[in-house]
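Engineer: I'd like to ask you about the structure that follows.
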Amino acid sequence: MLPDAKIGPAPNISLVYPASSKPEDVIAAQNFNALRNWLYLDAYVFGEYNNLAWAYLEENDALPTVTDEDRAIMKAAKPDFIGFNYYNTATVEASDGSEVAGANGDQQSNQTFPGFAKSVDNPNLVKTEFGWEIDPVGFRATVREIYSRYRLPLLVTENGLGAYDTLTEDGKIHDNYRIEYLRQHIAQIQLAISDGVDMLGYNPWSAIDLISTHEGIRKRYGFIYVDRTDEEVGSLKRYRKDSFFWYKKVIAANGQDLSD
């Protein structure tokens with residue numbers, strides 16, 4: 001039907017750092033990378049599950065049922081590119097197995113897998129109002145790691161800043177924090193391209209404010225503000241934020257002008 005169409009996966013990917021140079025923390029980072037990132041992408045690209053992630057599932061009696069037919073289908077499927085969403089990195093230390101497994105359903109928040117890896121805060125990074133660490137250099141590191149591992153063209157399908165935006169009385173939204181976030185991340189993508197990474201494109205999240213899975217509409221991502229709250233429907237009138245006009249200029253210059 002579409003012989004020249006291209007297809008690829010688009011998971012959330014967050015490169016995982018070891019909390020220190022301790023060998024145990026390095027092992028923990030390898031473990032968490034396997035479960036957080038390579039579990040999905042190895043299956044998509046190589047047609048088989050990552051060995052570290054598979055071993056963890058086996059040890060915890062959580063292996064999926066995979067038939068020979070399933071394995072044949074996985075091996076036959078070959079993506080043309082890798083799409084991925086990036087918001088932050090993660091940092092982990094070794095786990096002695098005594099912790100309680102912890103996760104709130106938010107992939108970007110700290111998670112603990114007893115005996116495998118324990119998430120910790122990265123003291124070198126600042127956090128958003130919603131507790132997500134901001135790591136533009138980690139964006140470049142993530143891109144480099146994915147490309148080195150899979151050697152497929154990359155497409156950034158989501159990258160953006162969720163924040164409390166304020167509508168002024170004269171209908172303005174001064175979101176310089178979002179502009180700075182995007183500026184830093186786009187600059188890192190440009191560096192990744194200079195590293196030899198084949199980048200198909202960059203798609204910020206998002207064009208318009210929308211309802212976030214975990215935080216409702218109070219966590220705003222868009223270039224366009226929607227007049228409503230989690231409690232009140234409001235007028236639903238749209239207002240272009242400062243970031244709208246900035247990004248319009250960026251795309252007109254094909255990313256070559258990131259100035260204010």
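Engineer: Here is a list of conditions, (1) closer than 15 Å to A77 by Cα; (2) in contact with a helix residue (DSSP H, G or I) (Cβ under 6 Å, 6 or more places away or on another chain); (3) assigned to a helix (DSSP H, G or I), and L41 meets all of them except one; can you say which number that is?
Structural biologist: (2)
Engineer: Please determine whether any residue of region 14-25 is part of a helix (DSSP H, G or I) and surrounded by 16 or more Cβ atoms within 10 Å (Cβ to Cβ).
Structural biologist: Yes: one or more hits.
Engineer: I've got another one for you. Among the residues of region 1-26, count how many are modelled with pLDDT under 95 and within 20 Å of T89 (Cβ to Cβ).
Structural biologist: So the answer is 1.
Engineer: Of the residues N37, N51, which single one is of a type outside the set (A, V, I, L, M, F, W, C) and buried (at least 18 other Cβ atoms within 10 Å of the Cβ)?
Structural biologist: Matching residue, one of N37, N51: N37.
Engineer: Name the single residue, out of those in region 208-250 being in a loop (DSSP other than H, G, I, E, B) and in contact with a helix residue (DSSP H, G or I) (Cβ under 9 Å, 6 or more places away or on another chain), that is surrounded by the fewest Cβ atoms within 10 Å (Cβ to Cβ).
Structural biologist: It comes out as Y221.
Engineer: In region 13-40, how many are over 20 Å from N51 (Cα atoms) and touching a residue at least 40 places away in the same chain (Cβ under 8 Å)?
Structural biologist: 3
Engineer: May I ask you to say which residue of E145, E133 is touching a Leu at 6+ places or on another chain (Cβ under 6 Å), modelled with pLDDT of 95 or more and over 30 Å from K78 (Cα atoms)?
Structural biologist: E133
Engineer: Please tell me if I186 is farther than 23 Å from L125 by Cα, among the hydrophobic types (A, V, I, L, M, F, W, C) and modelled with pLDDT of 95 or more.
Structural biologist: When the stated conditions are applied, I186 does not pass them.
The values are calculated or read from the model by the stated rules, or taken from the named source; none is laboratory data. What you see is a predicted model, and the numbers here were worked out from it, not measured in a lab. Ideal geometry is used to build each Cβ from the backbone, glycine not excepted, and the neighbour counts take in all protein chains shown.
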